[in-house]
1. Out of Glu255, Glu308, which single residue is acidic (Asp, Glu), under 26 Å from Thr203 (Cα atoms) and out of contact with any strand residue (DSSP E or B) (no Cβ under 7 Å at 6 or more places or on another chain)?
2. Of all residues in region 166-182, which are surrounded by 18 or more Cβ atoms within 10 Å (Cβ to Cβ) and in a helix (DSSP H, G or I)?
3. Looking at Val149, Val142, can you tell me which residue is free of Cβ contacts under 8 Å to residues at least 24 places away in the same chain, of a type in the set (A, V, I, L, M) and in the same structural domain as Thr30 (by TED's automatic domain parsing)?
4. Only one residue in Lys208, Lys239 is charged (D, E, K, R) and under 27 Å from Val149 (Cα atoms), so which one is that?
5. May I ask you to verify whether Ala393 is touching a strand residue (DSSP E or B) at 6+ places or on another chain (Cβ under 6 Å) and not hydroxyl-bearing (Ser, Thr, Tyr)?
6. Please go through region 66-89 and give me each residue that is surrounded by fewer than 17 Cβ atoms within 10 Å (Cβ to Cβ), in contact (Cβ under 8 Å) with a residue 40 or more places away in the chain and either among the hydroxyl-bearing types (Ser, Thr, Tyr) or assigned to a helix (DSSP H, G or I) (or both), ordered by number.
7. Are there any pairs with C-beta distances below 7 angstrom linking a residue in region 313-330 that is in a helix (DSSP H, G or I) to a residue that is of a type in the set (Gly, Ala, Ser), with the two at least 6 apart or on different chains, and if so which?
8. Tell me which of these Gln32 doesn't satisfy, since it passes every other one: (1) closer than 15 Å to Phe128 by Cβ; (2) touching an Asp or Glu at 6+ places or on another chain (Cβ under 6 Å).
Amino acid sequence: MVYPGAVHSRFEHSLGVYWLAGKAVDTIKTCQGLELGIERSDIKLVKLAGLLHDVGHGPFSHMFEKEFLPRVFNGLTWSHEDMSVQMVDHIVDEHNIDIDPDSLTKVKQMIIASSEHGSTENMKEKKFLYDIVANGRNGIDVDKFDYIVRDSRACGLGCNFHFERLMESMQVMGDEICYRAKDYLTIHKLFATRADLHRTVYTHAKVKAIELMVVDALLKANDSLDIASSIHQPAEFWKLDDTILKIIEISNTQELKEARDIIQRIRRRELYQFCNEFSVPKDKMEHFKTITPQDIICSQKTGGVTLEEEDIVVSNVKIDLTRGRNNPLQSIKFFKDYDSDEVFSIQDDRISHLLPAFYQDMIVRVYSKKPELVEAVSEAFENFQLKTFGKKAQVHSTPDSKKQRRR
């Protein structure tokens, strides 16, 4: 809705990961196939994992998982990776697919390898195969290769990261995929480009505004359409996709009127108004607590417009290089050249002093659901910063033109 060339469905992405997963194993097999005992069945299973790794995503992908479900089920621990495993089982059972149980188990373990439930501890051999689609060891996988290049192109952005260089030079050492030391900056560019996409595309201020409105619409429609309960029933979950908005939009029922009104606002571009944002200071990051509308309400001055919680939306955006406040490159094993059997890690300062010393941003954004309240919300947001940090952490005040906007 902000970048019309991009999609949420994951269909094209899944085909891309399927292809890249096969290419990655083919490359390793060409160079080290006899040594590692790679078989045709291994290639098939890795490709299957690539094809099916995102089949557990709900409507609008991470929005459903990270924003909608936590509002419906407080404290629910649910992930699209775990749902993908359930969906794979459902597909196999529903369509009587002939696949042996051991192969099916391997495919599912490859899908969840990077999740908190994933582990290669029980894998006795070829552990490196579980790092190709979803790498839980160091974060370098063909999933990222595909979406970074695909989304950069779809959104009209340049992309200086070239995964081909890493695919051609990777080598399995000690049952782990390792990389040449000379490719350190290429790997750093992988994580930096991903972070740039999160900042400029995935958490773009208007993207988040629309996302927040879609969440509100789904919450208001949930009781009527029983949207959230489908996560417990794979036979129903597969029916749930981005078309849920159209279902709400064309409905004539009174129960869906509030949800329908929100979607109509999105279509008319009557969006929640972005007021301002600040980046949480580094020294406050460790003990940062999620900012809520109530925090902003409690910071408004008396005598003006009285704000209510339902007038405000706060978005707490975390952007990192995949390992929180840690450097993901410290988890990667490097080698000197193809004749060497020694692996080692590399410190940033051995490569360049221009690389970042901090690896995480936390951005707090506030939105007004009504354009006539932008000024009051912006003022309360500034007061909150003064109370919390003793200063205004935002770059500049909210523009007057935005404050004066009316319906």
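The values are calculated or read from the model by the stated rules, or taken from the named source; none is laboratory data. Treat the numbers as computed from the prediction; the structure is a model and nothing was measured. When we count neighbours, we look across all protein chains shown, and the Cβ atoms used for this are built from the backbone with ideal geometry, even at glycine.
1. Numbers: Glu255 fails: under 26 Å from Thr203 (Cα atoms).
Going through Glu255, Glu308 in turn, the sole match is Glu308.
2. Leu166
3. Values: Val142 fails: free of Cβ contacts under 8 Å to residues at least 24 places away in the same chain.
Answer to the check: Val149.
4. Numbers: Lys239 fails: under 27 Å from Val149 (Cα atoms).
Of Lys208, Lys239, the one residue that is charged (D, E, K, R) and under 27 Å from Val149 (Cα atoms) is Lys208.
5. On the way: touching a strand residue (DSSP E or B) at 6+ places or on another chain (Cβ under 6 Å): yes; not hydroxyl-bearing (Ser, Thr, Tyr): yes.
Spelling it out, Ala393 is indeed touching a strand residue (DSSP E or B) at 6+ places or on another chain (Cβ under 6 Å) and not hydroxyl-bearing (Ser, Thr, Tyr).
6. Across region 66-89, the qualifying residues are Arg71, Val72, Asp89.
7. Final answer for the pair search is Pro328/Gly139; Gln330/Ser345.
8. (2)
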